[in-house]
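Asks: If you scroll down you'll find the structure; I have some questions about it.
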Amino acid sequence: MNPSRSCLVMGNWKMHGNLADNAVLLAGLVAGAQRAGHAQLAVCVPFPYLVQAQQALSGSAISWGAQDVSVHAHGAYTGEVSAAMLADFGVSWVLCGHSERRALHAETSSVVAAKAAAALSVGLTPVVCVGETLSDRDADNADCVIADQLEPVLALGADALAKMVIAYEPVWAIGTGRTASPEQAQAIHSLIRAALVQHGSGATPILYGGSVKPANASALFAQADIDGALVGGASLVAEDFLNIAASAA
Ligand code: PEP
């Protein structure tokens, strides 16, 4: 991590949780938040639990976000949730283009960029996820895949890029227990950084995601272009999530 940039540790609860378990998890995070040291903590929760997150985290140092957003502002889009609706619940962050959305809901990179633009239009910070599959990596194609996924996002321009976060999440490392080595992660992060610099926004934070755990977090955070983590499974256990954040110290 470059010491001039701050560290962001963001949880992605995916489709996990219920009111009772969330209450315990959120209370554990609030109680232990000071252990995060200089790392900024955030959780991206399922839509129905945004109000619970807002109530539990308001006034704490932990911010909250959503896991998806509509490209549309309003209208006949049954089941969709607009960025303005998210803003009504104090949301700060919106995941855009998580690999599960790309794979299971056919989200293209241009749709992902449109979602990022929708989030920005109401002052939310998009966290744009990119990452290659195992077959892309085995075919030595990871760099091209990441460049293609980034292209429509980079086209939003320097002002937009300065207000977003990029998360590099190799698909083969998500939920598999198999993390990218710090060197593999850094190699892609430095490509992303170079693209951001070329588009006038070198300070945009770049998170790493994919089986981040307390045991591997500090080696990842030691890399020059890793500015924090997007954490799935380990964000469901307060102790693990806080220990990951504490590794950034
Ligand atoms: C994720 O869902 O964004 C993720 C990185 O999951 P995990 O940490 O479980 O691999």
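Every number here is computed from the coordinates shown, using simple stated rules; none is lab data. Keep in mind the model is a prediction, meaning the values are calculated, not measured. For neighbour counting, all protein chains shown are included, and Cβ atoms are generated from backbone atoms with ideal geometry for every residue, glycine included.
Asks: Which residues' amide hydrogens lie under 5 Å from the amide hydrogen of residue 43, considering only partners 5 or more residues apart or on another chain, with H built in the peptide plane?
Replies: Amide H neighbours of residue 43: 11, 63, 64, 65.
Asks: Which residues' amide hydrogens lie under 5 Å from the amide hydrogen of residue 212, considering only partners 5 or more residues apart or on another chain, with H built in the peptide plane?
Replies: 232
Asks: Please arrange 125, 179 by counting, for each residue, the other beta carbons lying within 10 Å of its beta carbon, fewest first. Write out the running numbers ahead of the final one.
Replies: Numbers: 125 19, 179 23.
Ascending Cβ contact count within 10 Å gives the list 125, 179.
Asks: Moving to a separate point now. Where does the chain land at 222 nm, in deg cm²/dmol rounded to the nearest 500, when only DSSP H runs of n ≥ 4 count, each adding -39500 (n - 2.57), divided by all residues? Please list the in-between numbers first.
Replies: Numbers: 11 runs with 102 residues, N = 249.
My calculation for the chain gives -11500 deg cm²/dmol from helical runs alone.
Asks: Separate question: Stokes-Einstein at 4 °C, 1.567 mPa s, Kirkwood radius from Cα pairs: D for the stretch 137-193 in µm² s⁻¹? Could the numbers behind the result be given before it?
Replies: Details: Rh = 12.6 Å.
Translational D for this selection: 103 µm²/s.
Asks: By counting other Cβ atoms within 10 Å of each Cβ, how are 25, 220 ranked from fewest to most? Intermediate results must be reported in sequence, preceding the final value.
Replies: Working: 25 22, 220 27.
Arranged by neighbour count, lowest to highest, 25, 220 become 25, 220.
Asks: Continuing with the same structure: By a straight-distance test (C-alpha under 16 Å), which aspartates and glutamates pair with residue 213 as possible cross-link partners, with residues fewer than eight away in the same chain excluded?
Replies: Straight-line reach from residue 213, under 16 Å: 169, 227, 239, 240.
Asks: Same structure, new question: Considering amide H positions built from the backbone, and no H for Pro or chain starts, which residues 5 or more places from residue 94, or on another chain, come under 5 Å of its amide H?
Replies: Those qualifying (amide H under 5 Å, at least 5 residues apart or on another chain) are 66, 125, 127.
Asks: Now, a different point. Applying the Karplus parametrisation 6.51 cos²θ - 1.76 cosθ + 1.60 with θ = phi - 60° to the phi angles of the stretch 41-51, what ³J(HN,Hα) value in whole Hz is obtained for each residue in order, glycine and proline being reported as x?
Replies: Coupling constants for the stretch 41-51: 9, 8, 10, 9, 10, x, 3, x, 9, 4, 5 Hz.
Asks: Using alpha carbon coordinates only, what is the Rg to Rh ratio of the stretch 1-130, with Rh defined as the Kirkwood radius?
Replies: On the way: Rg = 14.9 Å, Rh = 15.3 Å.
Value, to two decimals: 0.97.
Asks: Now for a separate question. Applying the Karplus parametrisation 6.51 cos²θ - 1.76 cosθ + 1.60 with θ = phi - 60° to the phi angles of the stretch 208-218, what ³J(HN,Hα) value in whole Hz is obtained for each residue in order, glycine and proline being reported as x?
Replies: For the stretch 208-218, the Karplus curve yields 9, x, x, 6, 6, 9, x, 6, 10, 5, 5 Hz.
Asks: Can you work out D for the chain in µm² s⁻¹ from Stokes-Einstein, where Rh is the Kirkwood radius over C-alpha pairs, the temperature is 37 °C and the viscosity is 0.692 mPa s?
Replies: On the way: Rh = 17.8 Å.
So the translational diffusion coefficient is about 184 µm²/s.
Asks: Further, regarding this structure: Can you pull out the trypsin sites (Lys or Arg not before Pro) in the stretch 1-77 whose DSSP state is coil and whose Cβ has at most 10 other Cβ atoms within 10 Å?
Replies: Values: sites: 5, 14, 35; in loops: 5, 14.
The qualifying sites: there are none.
Asks: For the chain, what's the relative contact order in percent, using C-alpha pairs closer than 8 Å and at least 6 residues apart?
Replies: Values: 509 pairs, mean separation 60.3, N = 249.
Relative contact order here is 24 percent.
Asks: Straight-line reach from residue 115: which lysines have Cα under 20 Å away, leaving out those fewer than 8 places along the same chain?
Replies: 14, 163
Asks: Could I ask something else about it? Using 0.36 nm per residue, how much length does the chain from residue 103 to residue 80 gain when fully extended, once their Cα-Cα distance is taken away? Please list the in-between numbers first.
Replies: Numbers: separation 23, 0.36 × 23 = 8.28 nm, distance 1.82 nm.
Value of the extension gain: 6.5 nm.
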